[in-house]
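Rule-based calculations on the coordinates, nothing more; no lab input. As the structure is a prediction and not an experimental result, all values here were calculated from the model. FYI the Cβ positions are ideal-geometry reconstructions off the backbone, even for glycines, and counts take in every protein chain you see.
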Amino acid sequence: MQHPATSQQDLSLDEFWMPFTANRQFKAKPRLLESAEGMFYTDVEGRQVLDATAGLWCCNAGHGRKEISEAVARQIAKLDFAPTFQMGHPLPFQLAERLVEIAPKGLNRVFFTNSGSESVDTALKIALAYQRARGEGTRTRLIGRELGYHGVGFGGISVGGMVNNRKAFGVQLPGVDHLPHTLDLERNAFTRGLPKQGAELADQLEKLVALHGAENIAAVIVEPMSGSAGVILPPQGYLKRLREITAKHGILLIFDEVITGYGRIGEPFAAQRWEVTPDIITTAKGLTNGAIPMGAVFVSEQIQDAFMHGPQGLIELFHGYTYSGHPVAAAAALATLDIYQRDGLLTRARELEVYWQEALHSLQGLAHVIDIRNTGLVGAVHLASREGAPGARGYEVFEACYWDGVMVRVTGDIIAMSPPLIVEKPHIDRIVEVLGNVIRRTA
């Protein structure tokens, strides 16, 4: 029997083609994590690394939660797999009921997926099929937003607005347009919380409606907060204006809450924090605390009911995944919800928001820091790009932080942070101390 590697010297790095990674750069100086507990990872050499990113925006309850691992162990021993095509098992029904309890009012139907990418493609397909089901089949156009990230399916990269995620592939969905992004460094740099300037950018949707005709537009999809692009926040009033325009024209509004869902900004969903209820919400990541891949798409009963016509034996939506509502994933999600609710984690980000905000903004004035953005327990430090080398400064800061014992995220020259919701004030102090020292060294 071959035993797992215990250090990076024992490990071949050639065979695994890593996702969203500069493979040659990484493999020249790998960062390999072996275990995790609470707020910390431990790497293969035994070094502790403070997790300032909740893994990949997903481990909201921190690491090593025995309630989740024990629920998974019990379930995989009892029922490892059961189909949900023309069959069923109790757990996804129980989970859907629990999720509806914390969802925005009216979003009371849940379709299960396995990732954020699948949730987005599911939402887009539901939106298109819904418009057709209600007799408006000309509504085939989808509208995303510049700098938006909606996963890596062909639907997601088409409505997404991060060019590197699609330019190598050539093919995209036809009939897609984009709203302008809301990042405005000139007017909003160093804003604490949501920026005051920019709500009028939502009115660009009216121009797209005039251009294409409302009768041809099925849905608008936006992240309430654009996480992967570097924590780009909605201006005050922006999301409400989008809701007003979409409702007026019969266009579905989809919130991609794969990052903001499950407590990241101080409510179960951003829709609740910012008091805007869309027609569809996509989620994943924090649903199972990152333990088992799973996603969930929330829709209104009205949307589902539009499909419930014709013979009872007719499949209403020809869509789904082998692992939709997987029993082990559902067990992990149920255990995760128990933790979130018992420990108050779905709203804890609000309790620490001001402390987090002031700690991050203490970095204002350091060389090359051109903006700091924050909401809930998420934040970004935006660095000026080096001439002729965009992204180089950001990567250098990201890598140095890791070797100094703090794991942050980097996108271009933006350092993004989203610590587990169990974070304490001393952890915040340490994150900001290390990041500040590294920025000073790399200026």
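Tabulated data for the structure shown
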read-out: For the range 111-168: rounded, prolate or oblate by the Cα gyration tensor [a/c cutoff 1.5]; value: oblate
read-out: Chymotrypsin sites (Phe, Trp or Tyr not before Pro) within the range 278-340, DSSP loop, no more than 15 other Cβ atoms inside 10 Å; value: F318
read-out: Sequence-distant residues sharing a close amide H with L252 (under 5 Å, placed H); value: A219, V220
read-out: Set of lysines near K66 by C-alpha distance (under 17 Å), chain-local residues within fewer than 8 positions excluded; value: none
read-out: Full-extension gain in nm, A28 to E387, via 0.36 nm per residue minus C-alpha separation; value: 126.7 nm
read-out: Fraction of antiparallel bridges per DSSP, the range 188-318 only, in percent to nearest 5; value: 40
read-out: R0 of 56 Å, Cβ-Cβ distance T347-E215: FRET efficiency to nearest 0.05; value: 0.85
read-out: Shape of the range 246-313, Cα gyration tensor, a/c cut at 1.5; value: oblate
read-out: Ordering of 117-129, 171-183, 269-281, 244-256 by burial proxy (mean other Cβ atoms within 10 Å per residue, highest first); value: 117-129, 269-281, 244-256, 171-183
read-out: Among M308, A199, V120 the positive-end extreme of the charge dipole of the range 69-341 (Cβ point charges); value: A199
read-out: Cut-off under 5 Å, modelled amide H: who pairs with A52 long-range; value: M407
read-out: Unit charges on C-beta of K, R, D, E only; dipole of the chain, Debye; value: 400
read-out: Residue (of H368, T442, F85) at the positive-pole extreme of the chain, dipole from beta-carbon charges; value: H368
read-out: Test item: Cα-centred dipole of the range 254-321, Lys/Arg +1 and Asp/Glu -1 on Cβ, debye; value: 300
read-out: Mean separation of Cα contacts under 8 Å (6+ apart) over length of the range 128-253, as relative contact order %; value: 29
read-out: Fluctuation leader among V328, V410, V152 - the chain, Gaussian network, Cα springs under 10 angstrom; value: V152
read-out: Mean Cα-pair separation over length for the range 69-341, i.e. relative contact order, pairs under 8 Å, 6 or more apart, %; value: 28
read-out: Fewest-first ranking of R409, R31, R440, using other Cβ atoms within 10 Å as the exposure measure; value: R440, R31, R409
read-out: Proxy reagent accessibility, fewest Cβ within 10 Å first, across V222, V44; value: V44, V222
read-out: Placed amide H near T191: partners under 5 Å, 5+ positions off or other chain; value: I372
read-out: GluC sites (Glu not before Pro) restricted to DSSP loop in the range 1-104 with at most 11 other C-beta within 10 Å; value: E15, E45
read-out: Helical segments meeting 20 Å axial Cα length and Kyte-Doolittle -1.0 threshold in the chain (DSSP H); value: 116-133, 327-342, 345-361, 425-442
read-out: Nearby aspartates and glutamates by direct alpha-carbon distance to K207 (threshold 13 angstrom, same-chain neighbours under 8 apart not counted); value: D177
read-out: For the range 69-341, with +1 on Lys and Arg beta carbons and -1 on Asp and Glu, the positive-most of T140, I232, A331 along the dipole; value: I232
read-out: Helix-only CD estimate at 222 nm, as mean residue ellipticity for the chain, using -39500 (n - 2.57) per DSSP H run (n ≥ 4); value: -10500 deg cm²/dmol
read-out: Chymotrypsin sites (Phe, Trp or Tyr not before Pro) within the range 25-133, DSSP loop, no more than 13 other Cβ atoms inside 10 Å; value: F81, F85
read-out: Whether the range 1-118 is rounded, prolate or oblate, judged on the alpha carbon gyration tensor where a/c under 1.5 counts as rounded; value: prolate
read-out: Size of charge dipole - the range 9-130 - debye, nearest 20, with Cβ of Lys, Arg +1 and Asp, Glu -1, no other charges; value: 360
